[in-house]
Every structure is written in structure tokens, then in C-alpha cells.
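Undergrad: Submitted below is the structure of interest, expressed as C-alpha cells.
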Amino acid sequence: FVPDEQQRTWRMMTRTRQQLTRDRVRLQNQLEGFLEDSRIKLSSQLSDLLGLSGRKMLRALADGETDAGQIAALAVQGVRATPEQLCDALRSAAALSPEHRQILKLFLERLELIESQREALAKCAGQALREHQESVMRLAEVPGTRGRFGATNYRRGRGACRDLSLSRSNGVMGRMLSWPRGER
């Protein structure tokens, strides 16, 4: 069995997006290791190092900020860590060398590149799958397929099949495209 060209394109988009997701996770792990080596314990105080607060603080570090208090003040409301805990986690910011700051800047640039590529791919795949929106919705409503698709309850109109955005429908299409032809 050789899938048709359109199906091969969908599979390529799915694989590429999965690879970009793995790259982002790998980059986050490398960044956390880099910060730990630099004695900056920010990931232990923030639930999401690459969330809004984390990115603001990392950007300030990369741009040369040395005062832990000013960096900690960049945290948005709702961060579980207190300003004192953040200051303690960032106390080695003053000792960060220019080379370390440059490497941190490169990490952040690579993160932005990966995220922009994921977004562009999601838009492209969403457009490519748009003509099959009704089929995907019908397939997602088949009884007994909820676990197979890993989907939330599509019958009630929740989920991405409504507009076929790639975030959730890609899971449906990716699984569907990997099945042998007789199971569709």
C-alpha cells in the first residue's frame, strides 16, 4: 500500500509538527540544564519556565540585567513563588558572564523560531485539512472511537473538529492516517 500524494503530505505535516514539538521539549530541557549549571534555580520556582513570567525573566537575564530584585519584579501576578523566593533563585544573575548571556539569548531565539514554525505548520495543515472537516467530525463521532482518537467529547461540539484547527484535529487525522486502509 502506497498512500496517495495528499495523504503523504498530511503525514509529513503530522511528523514535522511532532518533531518540532520534540525539539521544543529538548530545548526546554537544555535551557533548564544550562540555568542549573549557571546556578540559577528559576525552574524550581516557576511551574512553567517558558511561560509569560519565565520568558520575561529569561529575556532580562539575556539582555544583561544583573539585579535579582528587578528580574523577580517581572513576574506576573499569580506566580506561586514569592518575590523573595524568586530573588533567591536569581541571586547568581550578577555572576552570569557575557558568554552565558549570549548562549541564553541563542536559546530564546531558537525557541521563538521553533514556535513560529509550529504555528506556520499548524495554519498550513489546518488549511490542507479544511476540505475534509465534515469527514473528520463524522469519524470523531463514531461510538467507541473516543479513546482511539485521544479526543475530548466531540459530540457536544467541544474540541477542535468544529473549525479543524491543528492542535486537536491533528491528533485525529494523524491517527486516522496511520491506520491500514480497511479500518477507515
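Undergrad: Would you mind stating whether Asp37 is loosely packed, with under 12 Cβ neighbours inside 10 Å, farther than 24 Å from Ala120 by Cβ and of a type outside the set (Gly, Ala, Ser)? Spell out the reasoning first.
TA: On the way: loosely packed, with under 12 Cβ neighbours inside 10 Å: yes; farther than 24 Å from Ala120 by Cβ: yes; of a type outside the set (Gly, Ala, Ser): yes.
So Asp37 fits the description; yes.
Undergrad: Moving on to the next point. So which pairs qualify, if the first residue must be in region 110-124 and within 16 Å of Arg55 (Cα to Cα) and in contact (Cβ under 8 Å) with a residue 24 or more places away in the chain, the second must be of a type in the set (Lys, Arg) and in a helix (DSSP H, G or I), the Cβ gap must be under 6 Å, and the two must be at least 6 apart or on different chains?
TA: Taking only residues 6 or more apart or on different chains, the pairs are Ile114/Arg24.
Undergrad: Something else about it: Answer yes or no as to whether Arg130 is over 30 Å from Gln18 (Cβ atoms) and either without any contact (Cβ under 8 Å) to a residue 60 or more places away in the chain or not in a helix (DSSP H, G or I) (or both).
TA: Details: over 30 Å from Gln18 (Cβ atoms): no; either without any contact (Cβ under 8 Å) to a residue 60 or more places away in the chain or not in a helix (DSSP H, G or I) (or both): yes.
Against the criterion (over 30 Å from Gln18 (Cβ atoms) and either without any contact (Cβ under 8 Å) to a residue 60 or more places away in the chain or not in a helix (DSSP H, G or I) (or both)), Arg130 does not qualify.
Undergrad: Are any of the residues in region 4-12 aliphatic (A, V, I, L, M) and either crowded, with 18+ Cβ neighbours inside 10 Å or modelled with pLDDT of 95 or more (or both)?
TA: Kept after step one, since they are aliphatic (A, V, I, L, M), are these residues of region 4-12: 12.
Filter again for either crowded, with 18+ Cβ neighbours inside 10 Å or modelled with pLDDT of 95 or more (or both), leaving none.
Within region 4-12, none of the residues are aliphatic (A, V, I, L, M) and either crowded, with 18+ Cβ neighbours inside 10 Å or modelled with pLDDT of 95 or more (or both).
Let's see how each residue does on (1) at pLDDT 85 or above; (2) among the charged types (D, E, K, R); (3) surrounded by 11 or more Cβ atoms within 10 Å (Cβ to Cβ); (4) within 24 Å of Asp23 (Cα to Cα):
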{"site": "Arg91", "(1), (2), (3), (4)": "yes, yes, yes, no"}
{"site": "Leu121", "(1), (2), (3), (4)": "yes, no, yes, yes"}
{"site": "Asn170", "(1), (2), (3), (4)": "no, no, yes, yes"}
{"site": "Pro180", "(1), (2), (3), (4)": "no, no, no, no"}
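Undergrad: Working only within region 133-164, note down all residues that are open to solvent by 90 Å² or more (accessible area, probe 1.4 Å) and either in a helix (DSSP H, G or I) or at pLDDT 85 or above (or both).
TA: Residues satisfying the conditions are Glu134, Arg138, Arg146, Arg148, Arg155, Arg156, Arg162.
Undergrad: A further question follows. Can you go through Ser44, Ser97, Ser38 and tell me which one is in contact (Cβ under 8 Å) with a residue 40 or more places away in the chain, within 19 Å of Leu108 (Cβ to Cβ) and among the hydroxyl-bearing types (Ser, Thr, Tyr)?
TA: Working: Ser44 fails: within 19 Å of Leu108 (Cβ to Cβ); Ser97 fails: in contact (Cβ under 8 Å) with a residue 40 or more places away in the chain.
Residue meeting the stated conditions: Ser38.
Undergrad: Here's another thing I want to ask about it. Quick one: Leu50 ticks every box in (1) open to solvent by 60 Å² or more (accessible area, probe 1.4 Å); (2) modelled with pLDDT under 95 except a single one, so which number is it?
TA: All conditions pass for Leu50, except number (1).
Undergrad: Could you say which residue among Leu106, Leu74 is over 30 Å from Gly126 (Cβ atoms), modelled with pLDDT under 95 and either open to solvent by 60 Å² or more (accessible area, probe 1.4 Å) or of a type in the set (Asp, Glu) (or both)?
TA: Details: Leu106 fails: modelled with pLDDT under 95.
Only one candidate passes the filter, namely Leu74.
Undergrad: Among the residues of region 35-43, is any more than 22 Å from Leu96 (Cα to Cα) and small (Gly, Ala, Ser)?
TA: Start the filter on region 35-43 by keeping residues that are more than 22 Å from Leu96 (Cα to Cα), which leaves none.
No, that holds for no residue.
The values are calculated or read from the model by the stated rules, or taken from the named source; none is laboratory data. Keep in mind it's a predicted model, so treat the numbers as computed, not measured. We place every Cβ from the backbone using ideal geometry, glycine too, and count neighbours over all the protein chains shown. Note: accessible area is taken over every heavy atom of the protein model, side chains too, but ligands, DNA and RNA are not part of it. Shrake-Rupley method; radii C 1.70, N 1.55, O 1.52, S 1.80 Å.
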